[in-house]
Amino acid sequence: MNEARHVKPLVELSGVHFSHGERTIYRDLNLSVPRGKVVAVMGPSGIGKTTLLKLIGGQLRPQQGDIQFDGNSIPKLSRSELYRERERMSMLFQSGALFTDMSVYDNVAFPLREHSALSEELIRSIVLMKLEAVGLRGARDLMPAELSGGMARRAALARAIALDPELIMYDEPFAGQDPISMGMIVKLIKALNDSLGLTSIVVSHDVDEVMSIADYAYIIAEQQVVAKGTPTELRENDSAIVQQFLQGQADGPVPFHYQASDFTSDLLGEC
Amino acid sequence: MIEFIERIGRQVIAAISGIGYAFFILVNALIGKPQFRKSWPLLIQQLYVVGVLSLLIIIVSGLFIGMVLGLQGYTILVDYGAEQSLGPMVALSLLRELGPVVTALLFAGRAGSALTAEIGLMKATEQLSSLEMMAVDPLRRVIAPRFWAGFISMPLLALIFSAVGIYGGYLVGSGWLGVDKGAFWSVMQSTVDWYDDLLNGVIKSVIFAFVVTWIALYKGYNSTPTSAGISAATTSTVVTASLAVLGLDFILTALMFGG
């Protein structure tokens, strides 16, 4: 029984259909995240990778299909049950989303103060440990506005791991980072995953970085999973769209041009 | 023609679903098990931001409006030899109308717009989303303390506005224009009724407080999370709240003093 629990994936999406207004984002999406692994979700921008994380976190509900988190169907949970499940997951937002009216220390202490009855003394020890893990113990008294982009993201990461969640979802953790802080974040994601026994979902389009730490990867395009496998398997995949994406070619199955009428007739004002 | 009807239909549906969403926000923010240990410091902080920081504009405006009332009232009343009635005139204008209404308008401009912009920015910077993902309900954590702070502080601000205004009227009427000091206060005391005037004024400002704060919070929470969206939401807060206050004031005055 216990063994079966470990084999079963932590997160499983089956037949998910989601549309935003008239725009269909996902059609029959199937994806599973095994426990203790780093799973990468890649795809061209604008295909709703953040939406995927919001679906798993229950901030959005799919029109069809099911999303299981540790055996619970997220879309079917009541509001209070959903909030209980969310205590076991956390999300690193692209902007960091630190609370701008609190210092770094208070930001990291926030989830602890909200969800635990620990003494301030104990909270202090935990906060300092988390900040040490991301290398920002010295920046505890700074306000979010005083941090660089990379530091803000690391501070947000410390906050995300404050409650020792089982699942961390990273939304574009590498976007807009210089090579040094990119390297730091890559190292942190892998180290946290391995040392804390977390499960991580990394949504990104920085192919090389994310492939270097992922145990398993999905490529999403055209509202579906178009390829999946270990990084090595993906590199050997011969589908045109996978190769276009992995090698960063400007034109291919994903067109360079946004859908438009014929250029010549457009210039001549015929349409 | 059909298009026109369609457009009206769409706008009516949008308006009704907007009202429904505003109710949803308010109900979810306010109903639930109260957690005094966590909510109390948040409420105190918001009372400071929303209430105490609005004091200056309220006191200064109250003083000037009272002084203008004193001047205008005197020039009219003196023609009829009725300058003794300056006290009740100033007091009644302030307690029944100007206190609650002008306070609500100033509050919408000063605190309401700030609430909308703050919540809109929290939404744009994903702070509200991240609260949700940390299993902290933003409605309880962000909206509720701000609502109570507005609801509690605006009636108090209106009373302060009226009190300062009456003193301003006294300064001009008695100190400058020479209305008898004793007459100013004693005629006011015998004319102004506790229930009819003071309590009705307070009821008005409680209702305005509810409406203005609610509009400000709803507009912020429902704003489009872009710079243009937040600026539109802030403007819309001030416009909607001001119009709502003036419209409601007419209805309330008709109900309270009309019969």
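Of note:
- Chain A - mean residue ellipticity at 222 nm from DSSP helices (-39,500 (n - 2.57) per run, n ≥ 4, rounded to 500): -11000 deg cm²/dmol
- Ranking A:43, B:250, B:239 by Cα position along the charge dipole of the protein assembly as shown, where only Lys, Arg, Asp and Glu carry charges on their C-beta atoms, puts B:250 farthest toward the positive end.
- Counting only alpha carbon atoms, the long axis of helix A:120-133 and the longest principal axis of chain A meet at about 40°.
- Across peptide A:90-103, the average count of Cβ atoms from other chains found within 10 Å of a residue's Cβ is 4.
- For segment B:129-259, the spread of Cα positions along each principal axis, largest first, Å: 65, 35, 26
- Placing unit charges on the Cβ atoms of the charged side chains and taking the dipole of segment A:109-240 about its Cα centre, the candidate lying farthest along the positive direction among A:216, A:232, A:139 is A:139.
- Computed from point charges on the beta carbon alone (+1 for Lys and Arg, -1 for Asp and Glu), the dipole magnitude for the protein assembly as shown about its Cα centre is near 1240 Debye.
- 10 Å Cβ neighbours from other chains, averaged over peptide B:147-153: 0
- Basic side chains Lys and Arg get +1 at the Cβ, acidic Asp and Glu get -1 at the Cβ, and with that the dipole of segment B:39-257 about its Cα centre reaches some 540 debye.
- Per-selection Kirkwood Rh - segment A:90-211 (Cα, Å, 1 d.p.): 14.4
- Efficiency of FRET from Cβ geometry, residue A:263 and residue A:129, R₀ 60 Å, rounded to 0.05: 0.50
- Between the beta carbons of residue A:45 and residue B:21, assuming R0 = 22 Å, the FRET efficiency works out to 0.15 to the nearest 0.05.
- Under a Gaussian network description of chain B, with springs only between Cα atoms under 10 Å, the residue in B:154, B:134, B:67 that fluctuates furthest is B:134.
- Distance from segment A:88-110 to segment A:142-161 (C-alpha centre basis), Å: 7
- Dipole magnitude of chain A, debye to nearest 20 (Cβ charges: Lys/Arg +1, Asp/Glu -1, about Cα centre): 860
- Carbon plus sulfur fraction of accessible area for the protein assembly as shown, probe 1.4 Å, in percent: 61
- Kyte-Doolittle mean at least -1.0 and Cα axial length at least 18 Å: DSSP H helices in chain B: B:2-30, B:55-77, B:144-170, B:200-221, B:227-257
- Each residue was assigned an accessible area with a 1.4 Å probe, and for residue A:257 the value is about 130 Å².
- Taking both sides together, the accessible area buried where B meets A is about 1900 Å² for a 1.4 Å probe.
- Sites residue A:20 and residue A:240, calculated FRET efficiency, Cβ-Cβ separation with R0 25 Å, nearest 0.05: 0.35
- Estimated from helical segments only, the mean residue ellipticity of chain B at 222 nm is -24500 deg cm²/dmol, where each DSSP H run of four or more residues counts as -39500 (n - 2.57).
- Straight-distance candidates among the lysines for linking to residue A:49, with alpha-carbon spacing under 21 Å and chain neighbours fewer than 8 residues away dropped: A:37, A:190, A:228, B:123.
- Principal axis dimensions, chain A - Cα atoms, whole angstrom, descending: 71, 48, 37
- For the protein assembly as shown: rounded, prolate or oblate by the Cα gyration tensor [a/c cutoff 1.5]: prolate
- A straight Cα-to-Cα reach below 15 Å connects residue A:76 with the aspartates and glutamates A:12, A:66, A:85, residues fewer than 8 places away in its own chain not being considered.
- Among A:204, A:20, A:158 - extreme Cα towards positive end, dipole of chain A, charges at beta-carbon: A:158
- Length gained when the stretch residue A:27-residue A:233 is fully extended (0.36 nm per residue, less Cα-Cα span): 71.7 nm
- When its C-alpha radius of gyration is set against 2.2 N^0.38 Å (N residues), chain B gives a value of 1.18.
- Legend: translational diffusion of segment A:3-60 by Stokes-Einstein, Rh = Kirkwood radius over C-alpha pairs, 25 °C, 0.890 mPa s; D = 194 µm²/s.
- Packing rank of A:146-155, A:104-113, where each peptide gets the mean count of other beta carbons within 10 Å, highest leading: A:104-113, A:146-155
The values are calculated or read from the model by the stated rules, or taken from the named source; none is laboratory data. Here the structure is a predicted model, which is why all the values come from computation and not from measurement. All Cβ positions, even for glycine, are placed from backbone atoms using ideal geometry, and neighbour counts span all protein chains on display. Note: accessible area is taken over every heavy atom of the protein model, side chains too, but ligands, DNA and RNA are not part of it. Shrake-Rupley method; radii C 1.70, N 1.55, O 1.52, S 1.80 Å.
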